[in-house]
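Only one structure is covered here, and it is reproduced in the block below.
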């Protein structure tokens, strides 16, 4: 009996999401098409895998057994795909990486381009989330390497790969725009545009506030936005001031869209880290890219 791998993938997704409709949306299929795939798998295995008497997906005892073996089959397939290029010495295959806002938008794109020039057989997938999301994706093996502005937990391996510094940005004609430096205590009284929780930029800035005895809750926050670019656009439109990476502020500052001011009493610099799961072998593509960005090759 030859099992169709795609049927196992659909079955696992339905089981994980506990929903045919959610799995259908994720796969870009209709719900009847997903149901038909599950029925095809049940026919192949000669056993019902899902108890259809419930409003949500509940696996039968046979379904739980099938789920465990399906996960192992797919994991073994991924391991095979990972190890074959390593056995041949070829740097090839799909490079699955995730990055928080600053490394994902301002640091990694040219580095990935250079890497692919050296290794043209590598396909690249880059997913951008906040720092906590990137660490979670790495932990869940959705990506092999995560690039983040926050250190992960002790269960993860990490290395520093880049550094930036935080600066204050204001609208072009703001009262602070002509100053060389501004103290954190003065920012607290200004309408402030912040990143959402989970952002490495926000975490670093709020740590700086606390070190100066300023409660982050005392900031006059007028908006919390999901990306650095949206923060810059809000400041440009006059919504308030913000603290962002100098890398992100450089181009709009040159264009005269915002003003950049140094922070007088904040440790300006912060590190970015590349993280991966401890003791789990990387694919040839990921291993080579890790060495490339950390200067080991």
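Values quoted throughout were computed directly from the atomic coordinates according to the rules given, and no laboratory measurement underlies them. The structure displayed is predicted, hence computed values, not measured ones.
How big is the chain along each principal axis, measuring the range of its Cα positions in Å and listing the largest first?
So the three principal-axis extents are 75, 49, 35 Å.
Once the Cα atoms of helix 108-118 and of the chain are each reduced to a long axis, what angle between those two axes, in degrees from 0 to 90 to the nearest 10, is obtained?
Once rounded, one gets 50 degrees.
Quick one: compute the contact order of region 164-270, relative version, from alpha carbon pairs under 8 angstrom and 6+ residues apart, as a percent.
For region 164-270, the relative contact order is 51 percent.
Looking at region 5-74, I'd like the Rg to Rh ratio, where Rg is from alpha-carbon atoms and Rh is Kirkwood's inverse mean 1/r.
Numbers: Rg = 10.8 Å, Rh = 11.8 Å.
That ratio is 0.92, to two decimals.
Which residue fluctuates the most in the chain, going by a Gaussian network model with Cα springs under 10 Å, if the choices are 152, 32, 109?
Largest GNM mean-square fluctuation: 32.
Which value, in Å to one decimal place, does the Kirkwood hydrodynamic radius take for region 94-226 when every pair of different Cα atoms is included?
Computed over region 94-226, the radius equals 16.8 Å.
Tilt of helix 31-45 relative to the longest C-alpha principal axis of the chain, in degrees (0 to 90, nearest 10)?
Helix 31-45 sits roughly 40 degrees off the main axis of the chain.
Please report, to two decimal places, log10 I(q)/I(0) for region 164-270 at q = 0.10, 0.20, 0.23, 0.24 Å⁻¹ as given by the Debye formula with identical point scatterers on the Cα atoms and no solvent.
Normalising to I(0) and taking log10 leaves -0.22, -0.99, -1.40, -1.56.
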